[in-house]
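Below: the structure, in C-alpha cells.
The values are calculated or read from the model by the stated rules, or taken from the named source; none is laboratory data. The shown structure was predicted, so the numbers you read here are calculated from the model rather than taken from an experiment. No Cβ is skipped: glycine too gets one built from the backbone with ideal geometry, and neighbour counts run over all protein chains shown. Accessible surface is based on the protein model in full, side chains and every heavy atom, while ligands, DNA and RNA are left aside. Shrake-Rupley method; radii C 1.70, N 1.55, O 1.52, S 1.80 Å.
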Amino acid sequence: MDDRNPGKLQIYAVEEADSMSATCIVRCIGGVVRPGQLFDADSLSDNPDERSHITLDWIDQYRRRVDFIDPPHSAKVHFSGGGVSLLEKGVMIVSV
C-alpha cells in the first residue's frame, strides 16, 4: 500500500446531498484514501466564494465501514464541507 501518493477519487454518483454534506459512490483511482483526509475542491469552481476543502468522513464497502480504499476499488463515502455542492458524476478530487 503506497501512502506517499495523493488519494484520488472519481465520483460515480451523488446519492444524498445538502449544503454541507454528501453521500457518494466513488472509485479510488490513485493513492490510498482514508477517513479524515481533506480533498481540494478549489479546482471544481471558478467562483472564489465556492472554493473550499472537503473532508472524507467515512468509507463503507459492502455495508461495512473500512479504514481505507485503494485502486481500483469502489465504495460509498460521506463528505462534509462547503465544497460538497460541487460534487457531481465524473468529477475527480485529489487529497491535499
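For the reader, a short list of remarks on this structure follows.
- Restricted to segment 60-69, and to residues there that are open to solvent by 40 Å² or more (accessible area, probe 1.4 Å) and not basic (Lys, Arg), the residue that is farthest from the chain's Cα centre (by Cα) is Tyr62.
- When residues of segment 71-88 are limited to those that are touching a residue at least 60 places away in the same chain (Cβ under 8 Å) and under 16 Å from Leu38 (Cα atoms), the one most open to solvent (accessible area, probe 1.4 Å): Ser85
- Near pairs, Cβ below 7 angstrom, 6+ apart or cross-chain, from segment 11-22 (under 16 Å from Ser52 (Cβ atoms)) to any residue that is of a type in the set (Asp, Glu) and in a strand (DSSP E or B): Ala22/Glu16
- Where strands (runs of 3 or more DSSP E) sit wholly within segment 18-88, those with at least 2 residues that are modelled with pLDDT of 95 or more occupy 21-30, 53-61, 74-80.
- Per-region count, segment 5-38, residues open to solvent by 50 Å² or more (accessible area, probe 1.4 Å) and among the hydroxyl-bearing types (Ser, Thr, Tyr): 2
- Asp2 open to solvent by 80 Å² or more (accessible area, probe 1.4 Å), at pLDDT below 95, out of contact with any Lys or Arg (no Cβ under 8 Å at 6 or more places or on another chain) and not in a strand (DSSP E or B): no
- One residue from Gly36, Gly31 being touching a Pro at 6+ places or on another chain (Cβ under 7 Å) and at positive phi: Gly31
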